[in-house]
1. To make sure I understand, if each residue's beta carbon is the centre and we count other beta carbons within 10 Å, what order do Phe119, Phe200, Phe229 fall in, fewest to most?
2. Under 29 Å from the Cα of Lys194, which lysines turn up, not counting those fewer than eight places away in the same chain?
3. So, in nm, how far is label Glu9 from label Lys129 when the simple model puts each one 7 Å beyond its Cα toward the Cβ?
4. For the range 44-145, what value does the Rg/Rh ratio take when both radii are computed over Cα atoms and Rh is the Kirkwood radius, given to two decimals?
5. Rank Asn142, His85, Thr182 by how far each Cα sits towards the positive end of the charge dipole of the chain (+1 on Lys, Arg Cβ; -1 on Asp, Glu Cβ) and give me just the farthest.
6. Tell me the relative contact order for the chain as a rounded percent, counting alpha carbon contacts under 8 Å between residues six or more apart.
7. Under a Cβ-Cβ cut-off of 11 Å, what is the net charge of the residues other than Gln235 that fall near it, where Lys and Arg count +1 and Asp and Glu count -1?
8. Cα to Cα, under 16 Å, and not fewer than 8 places away if on the same chain: which aspartates and glutamates meet these conditions relative to Lys104?
Amino acid sequence: MNYIRITKENIDKEHICCAMSGKQSVAKKEWLRQRFDDGLVFYRSEERGKCFIEYIPAENAWVPIEADGYLYIDCLWVSGSMKGHGYSNDLLEECIRDAKAQRKKGICILCAEGRKREFLADPKFLAYKGFRVADISDCGINLMYLPIEPSAQMPKFRECAKHPAIEDNGFVLYYTDQCPYTYYWVPRVQEVAKEHSIPFKAIHITDKASVQNVPAPVTTYALFRDGQFLTQSIQSDKKFLALAGVRD
């Protein structure tokens, strides 16, 4: 498999794997464009499909972590016909090579405790590749890391992410444009919530300072209900109504 790096110079003409076309692609590309100067790397297969890695210096990551000197992987995604060919290994090895070239302390990434969850990395794959658990959030989301510098301090969650909770009642959603699927689904969930008189508030985070203080370990999509963290899984309108206990 051959791979290509998406940059400011080629982003307008190249596809991005997680949003092939349409307004979702435009929103995601604009988010990427604004992060390139922060050191973001988007590396994907030349062949069309969901096969890519996206990472950034952890100081500029859109998550509430303390991981100075690390690279943070936003997303490592290989799916469909791309699975089973070793492409995840290729992509991760490129990130490791880059981290070493930049003399980083290591690499970190989010996953679920014990099992694979939607929109999070696979902890079994990460453990196989040498990653260790650095910190654990109360909601069962782990921060894993791969040390490159043996004596480096482990990365950790900020307190707001380690103990996710808010004071609001009803459903409250924190989200960013990092994942293109929020562009499509958030307005639809807002619409059905309004139709069914379900208390729902969406908070769109658009800057690094705010997103690094979100009260959840995941910031692309963090859904709360009555003050408690509920899920990082992006909800369709039907899934949301099921969560709310509404038959539609």
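Since every read-out is calculated from the coordinates, none of them should be taken as a lab result. Please read these numbers as outputs of a predicted model, since none were measured by experiment. Virtual Cβ from ideal backbone geometry, glycine too; neighbours counted across all protein chains shown.
1. By the 10 Å Cβ count, ascending: Phe119, Phe200, Phe229.
2. Within the straight-line cut-off, Lys194 pairs with Lys23, Lys28, Lys238, Lys239.
3. So the label points at Glu9 and Lys129 sit 2.7 nm apart.
4. On the way: Rg = 13.2 Å, Rh = 14.0 Å.
Using only Cα positions, Rg/Rh for the range 44-145 is 0.95.
5. Ranked along the dipole, the leading option is His85.
6. RCO, the chain: 17 percent.
7. +1
8. Straight-line reach from Lys104, under 16 Å: Asp38, Glu59, Glu66, Asp68, Glu93, Glu94, Glu149.
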